[in-house]
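A quick write-up on the structure given underneath.
The values are calculated or read from the model by the stated rules, or taken from the named source; none is laboratory data. Only a predicted model underlies this, so the values are computations on that prediction, with no experimental measurement involved. Here the Cβ positions follow ideal geometry from the backbone for every residue, glycine too, while neighbour counts run over all protein chains shown. What goes into the accessible areas is simple: the full protein's heavy atoms, side chains included, and nothing from ligands, DNA or RNA. Shrake-Rupley method; radii C 1.70, N 1.55, O 1.52, S 1.80 Å.
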Amino acid sequence: MTTSPSWRNPQPRERYDLLIVGAGPAGLAAARVAISRGARVALIERELLGGVCLNEGCIPSKTLIRTARLYREMRDAEEFGGCVPGGAAVNFAEVMQRVRRIRARLARREPAESLAAMGIDLYFGEARFAGRDSVTVGGATLRFKRALIATGARAACPAIPGLEEAGYLTYENVFELTECPRRLLVIGGGPTGCELSQAFARLGSQVTLVQDEPMFLGHEERDAAQLLSDALARDGIEIHLDTRTTRVRREGDDRIADLIRDDTAHTVAVDQILVGVGTAPNVRDLGLEAAGVAFDPSRGIAVDDFLRTTNPRIFAAGDVCAGTVFPHIESAAGRIVVANALFRGRQRLSAEIIPWCTFTDPEIAHVGMYVTEARRKNIPVKTFTILMHEVDRAITDGEEDGFVKLHVREGTAQLLGATVVASHAGDLIGEISLAMSAGLDLHALARVNQPYPTQSQAIKMAARAGTTTRPGSIRAWLDARWLAWSR
């Protein structure tokens, strides 16, 4: 989202119903909902509308991932009976130009002027709380009845000696590259590290991926993480699990990293280092002390399940919050804040059915409970699994890696959660999320009529596996009695 160079901040109103600091997904969603319901809204942004997701995160990374997948498909063309005349040389400069072009296109969808036309008072500048019900920006003081802090987070930097001096990349600047690094060290095996490792490997980098835990994506199921590890290895990535980066230094044009696993030391020389170890909340210089808002510099703002801070006038949403289980559902959080802050709602974040996805190849998507979580809560759970190589469309597409797992409360058809590992897992998980949100069970999923052949057949197959009458069950006994009587 953009604004013209001639933009001028509006004159403050006497008092705003809702003042929002941060124009990322949460702030924009809250502003649109609030203005549509008749509220007086002020929205403050210090840099670019759209936040990290549009400018540095989701949109540029998924654009890069799609192009990287194309190059992988071209190199594998013979497996599909095709060929690539002249090979598949990567024009990296054009690849990154496409990233910037798509980012700019999406930014133009709703410029600052259109937000102003909706009736939102949009301010650009540094916001700072001057008290429990006021904020200063650009020399003006804005008063509010309720406020939302949605300032997001920035890339975190691990405390590795020499890293700052040697220089490194994060998701905040990696998409500004114009040359593909010949050798790339990626520190961190979470979603960002895994996604970008695979993308750069497919675009021609010699990638070394270092993770200080025994598996990638530590919150995911072990077999899902193992499938991902195998996929990354097939893409030529040198993987170091349970390994720490202890020191970095410059030697000429090279960046030298010292790695250690147990008592074994290893040194790697690279051209660039990409750090993907998480984020740090944007709470600096906001004047939160003056507002009576409790926060931790490394963890963020403390909120309850209604997204209220320690100041009952002020709410917070997204990556800036401490202890929020799902910081990436900014739009839903923005809607919750409007309901709770302006209309005395009692909507809880924990009540949301929230799917998420890591966009590697194959993708890993999840919704609801994991088996380990259910067991911690003493909930008996049974899992029904379909492997993707049992799905006709996955076979025709050459996308057989992965599975669909449906977790249900044992003895019932109640859906507790699901994990999908597949080339399009992020799309497939939506059907299960909808079922759970609507309170539907395994029988409902099994009855869904789907076009054939599609990869979503895997969900129906897993559901049918859980609803098929089993010998010895009461239903099987009743069915047998009925058939015997009706003969």
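The table below gives the values:
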{"quantity": "Residue ranges of helices (runs of 4 or more DSSP H) in segment 1-105 with at least 3 members surrounded by fewer than 18 Cβ atoms within 10 Å (Cβ to Cβ)", "calculated": "58-75"}
{"quantity": "Boolean, Asn378 is open to solvent by 50 Å² or more (accessible area, probe 1.4 Å), without any contact (Cβ under 8 Å) to a residue 24 or more places away in the chain, at positive phi and not in a strand (DSSP E or B)", "calculated": "yes"}
{"quantity": "Leu196 vs. criteria over 22 Å from the mean Cα position of the chain (by Cα), open to solvent by less than 10 Å² (accessible area, probe 1.4 Å) and aliphatic (A, V, I, L, M)", "calculated": "no"}
{"quantity": "Long-range neighbours under 7 Å by Cβ, at least six apart or interchain, first residue free of Cβ contacts under 8 Å to residues at least 24 places away in the same chain within segment 385-404, second part of a strand (DSSP E or B) and buried (at least 23 other Cβ atoms within 10 Å of the Cβ)", "calculated": "Leu387/Phe403"}
{"quantity": "First in segment 121-142 and hydrophobic (A, V, I, L, M, F, W, C), second anywhere and part of a loop (DSSP other than H, G, I, E, B), Cβ under 6 Å, 6 or more apart", "calculated": "Phe129/Gly287; Val135/Ala127; Val137/Gly125; Val137/Ala127; Ala140/Pro12; Leu142/Pro12"}
{"quantity": "Any hit, segment 27-39, residues being of a type in the set (S, T, N, Q) and under 18 Å from Ala332 (Cα atoms)", "calculated": "yes"}
{"quantity": "Residue match in segment 451-471 (condition: at pLDDT 95 or above, surrounded by 14 or more Cβ atoms within 10 Å (Cβ to Cβ) and touching a Pro at 6+ places or on another chain (Cβ under 8 Å))", "calculated": "no"}
{"quantity": "Subset of segment 152-169 that is part of a loop (DSSP other than H, G, I, E, B), of a type outside the set (Gly, Ala, Ser) and modelled with pLDDT of 95 or more - its residue that is most open to solvent (accessible area, probe 1.4 Å)", "calculated": "Pro161"}
{"quantity": "Single residue of Gly287, Gly300, Gly276 found to be in contact with a Gly (Cβ under 9 Å, 6 or more places away or on another chain), closer than 30 Å to Thr246 by Cβ and at pLDDT 95 or above", "calculated": "Gly300"}
{"quantity": "Any hit, segment 440-450, residues being assigned to a loop (DSSP other than H, G, I, E, B), surrounded by fewer than 16 Cβ atoms within 10 Å (Cβ to Cβ) and either in contact with a helix residue (DSSP H, G or I) (Cβ under 8 Å, 6 or more places away or on another chain) or charged (D, E, K, R) (or both)", "calculated": "yes"}
{"quantity": "Cross-chain or 6+ apart pairs with Cβ under 6 Å, segment 152-167 first and more than 29 Å from Phe315 (Cβ to Cβ) and acidic (Asp, Glu), then modelled with pLDDT under 95 and open to solvent by 20 Å² or more (accessible area, probe 1.4 Å)", "calculated": "none"}
{"quantity": "Enumeration of residues in segment 108-133 that are part of a strand (DSSP E or B), over 29 Å from the mean Cα position of the chain (by Cα) and crowded, with 18+ Cβ neighbours inside 10 Å", "calculated": "Asp121, Phe129"}
{"quantity": "The lone exception for Gln211 - which of (1) more than 25 Å from Pro161 (Cα to Cα); (2) more than 15 Å from the chain's Cα centre (by Cα) it fails", "calculated": "(1)"}
{"quantity": "The lone exception for Glu176 - which of (1) more than 25 Å from His219 (Cβ to Cβ); (2) modelled with pLDDT of 95 or more; (3) under 23 Å from the mean Cα position of the chain (by Cα) it fails", "calculated": "(2)"}
{"quantity": "Residues that are open to solvent by less than 30 Å² (accessible area, probe 1.4 Å), under 21 Å from Leu196 (Cβ atoms) and in contact with a strand residue (DSSP E or B) (Cβ under 7 Å, 6 or more places away or on another chain), drawn from segment 212-254", "calculated": "Leu217, Glu220, Ala224, Leu228, Ser229, Leu232, Ile237, Thr243, Thr245, Val248"}
{"quantity": "Strands (runs of 3 or more DSSP E) wholly inside segment 381-439 that include at least 1 residues being open to solvent by 70 Å² or more (accessible area, probe 1.4 Å) and either among the basic types (Lys, Arg) or touching a Pro at 6+ places or on another chain (Cβ under 9 Å) (or both)", "calculated": "381-387, 403-409"}
{"quantity": "Filter result for Thr279 (of a type in the set (Val, Ile, Thr) and farther than 30 Å from Phe129 by Cβ)", "calculated": "no"}
{"quantity": "Selection count where residues are assigned to a strand (DSSP E or B) and either surrounded by fewer than 21 Cβ atoms within 10 Å (Cβ to Cβ) or not charged (D, E, K, R) (or both), scope segment 347-375", "calculated": "8"}
{"quantity": "Odd one out for Gly38 among (1) over 19 Å from the mean Cα position of the chain (by Cα); (2) on the phi < 0 side of the Ramachandran plot; (3) not hydrophobic (A, V, I, L, M, F, W, C)", "calculated": "(2)"}
{"quantity": "Residue check for Leu209: at pLDDT 95 or above, surrounded by fewer than 24 Cβ atoms within 10 Å (Cβ to Cβ) and among the hydrophobic types (A, V, I, L, M, F, W, C)", "calculated": "no"}
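For (1) surrounded by 23 or more Cβ atoms within 10 Å (Cβ to Cβ); (2) without any contact (Cβ under 8 Å) to a residue 40 or more places away in the chain; (3) part of a loop (DSSP other than H, G, I, E, B), each residue gets a yes or a no:
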| position | (1), (2), (3) |
| --- | --- |
| Phe306 | no, no, yes |
| Asn311 | no, no, yes |
| Phe315 | yes, no, no |
| Ser331 | no, no, no |
| Ala341 | yes, no, no |
| Gly345 | no, yes, yes |
